[in-house]
Each structure stands twice: as structure tokens, then as C-alpha cells.
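First the structure, in the form of C-alpha cells, and then the observations on it.
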Amino acid sequence: MKIKSLLLAFVFAFATTAFAETVTVYQTNFDDLPGDNAVEPSEYPNLIAASSYIYPETLTTGGRALRIGSSSKRGNFTSVAMNCTPNAPITFTFDVARHDDSVNNTVRITINGVTRDILPTEFPTLLADSFTTGLSVTFEDGVPSSTFTFTMETVGGAAGKARTYFDNFVITQELPEPDPDVPAVQLAAPADIAAEVTYESATVSWT
């Protein structure tokens, strides 16, 4: 009886207790980018659905980064559909750098019709192998659906000053605590409970 009571108490506590957590939607360090030419969606289908003027870049610091923009064109890419939890904040975290200290473009992320701009002053006077690390952009409301796509692009400034590098790209969501006003889902009580107890162990089974 004690084992049964303890088991039922554990099942009830586990079913009604939930904790906020951070989940990773997507992450990459771009080291698996193919070739040295423009990146086509077919070459990176786990991230990119459409793109213009994006390139892999081998860094002297090791590994690769994604370059958006060329010496004369602004660049952009739109992602494939990402699975997510509806209405939970979505945060983009990445390392970012400019091609050289003359680049003055703004980086724009758009999701669900909402834009966030990363101004040049947020990563000033940096060169291609000298990254601002861990820069974060959060969309507080998330999206109302279970999937989303996003666009990253270089905007503003001269078209020939649009080369920007990204590395260690991570998308996360902070899942909220459950609403205390919403009743917890009550699990069905276990059936056919049986216990086998010896001097050294106890084995419990149930349906």
C-alpha cells in the first residue's frame, strides 16, 4: 500500500509540475557550408530556402562563416520553415563582423512581418576575423503558429559596403511557465499495479 501511495503521488506531481526552459530551434557554425562560390538553397537545404549574394567564408581564426552581400551587392536569405512553440519569444544569437571598417550597412532580421535592425554602431570598426560575439535579437511575441520562417538581409548604406559575416548562429525559444489559471491535464490512474518486494529490492509494475 505504501508503494502504491508513493507511486500515485509521484505520477500526480510529475503530471502537474512544469518548468520554463530554453529550447534550441536551430544552430550552426556554418563549417559545413559547401564550396567557395555563392551558396545556393539546394546546397544548404536545412537552413536556406532562397538567397541572393551569400557566400561561405573561410576564416583565419578557423572554421567558416556565412557572408551576406558581395563587393557590389546587398545580400539576403530566407529560411526554410522552422518548428516552434506558438507565442513564445524567439531569440537569434550569433557572432557578427563587417568586411572592413568602411562597411556601414544595417543587418535586418524579419519574422512574421516584424523587423529588428542591427545598426552598424552595434558592431563598429570590426574586421572579418574580429567578431562581436553573442549578439542577440529577440522577437518577444514569437509567432502564433507552430512554424515560422525568417529573412536576414543587409540594408542601408552603399550597396558596395554590404558585406557582413555571421558565425555560431543559434535560434532559441524561452518556453513560459504554464498558466496557473489553466487546469492541469489529469492523467488516468494506473491500473493493474503489482509489487514484488524482497529484502534487497522492490519492483513495481502497472498498466
- Message: Multiplying the sequence separation of Thr147 and Asn29 by 0.36 nm and subtracting their Cα-Cα distance, what value in nm do you get?
- Response: 40.3 nm
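Set the Förster radius R0 to 25 Å, insert the Cβ-Cβ distance between Ala159 and Glu122 as r into 1/(1 + (r/R0)^6), and round the FRET efficiency to 0.05.
Numbers: r = 21 Å, r/R0 = 0.83.
The value I calculate is 0.75.
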- Query: For Glu174 and Asn37 in one chain, what is 0.36 nm times their gap in residues minus the Cα-Cα distance, to one decimal in nm?
  - Reply: 45.7 nm
- Message: Tell me the angle of helix 2-16 to the major Cα principal axis of the chain, expressed in degrees between 0 and 90 and rounded to the nearest ten.
- Response: 30
- Message: Leaving out ligands and nucleic acids, and using a 1.4 Å probe, what accessible area per residue does the stretch 92-207 come to in Å²?
- Response: 55
- In the stretch 67-89, which residues have a backbone nitrogen under 14 Å from the label point lying 7 Å from Thr138's Cα in the Cα-to-Cβ direction? 88-89
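I'd like the carbon and sulfur percentage of the solvent accessible area for the stretch 103-182, probe radius 1.4 Å, heavy atoms only, ligands and nucleic acids excluded. Don't skip to the answer; put the middle values down first.
Values: 1950 of 3790 Å².
Here carbon and sulfur together make up 52 percent of the probe-accessible area.
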- Item | Among [x] 17.2; [y] 19.9; [z] 14.9, the entry that matches mean projected area of the Cα convex hull in nm² as calculated here | [x]
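The values are calculated or read from the model by the stated rules, or taken from the named source; none is laboratory data. Just so you know, these numbers come straight off a predicted model, no measurement behind them. With ideal geometry, Cβ positions are generated from the backbone for all residues, glycine too; neighbour counts draw on all protein chains shown. Note: areas computed on protein heavy atoms with side chains; ligands, DNA, RNA excluded. Shrake-Rupley method; radii C 1.70, N 1.55, O 1.52, S 1.80 Å.
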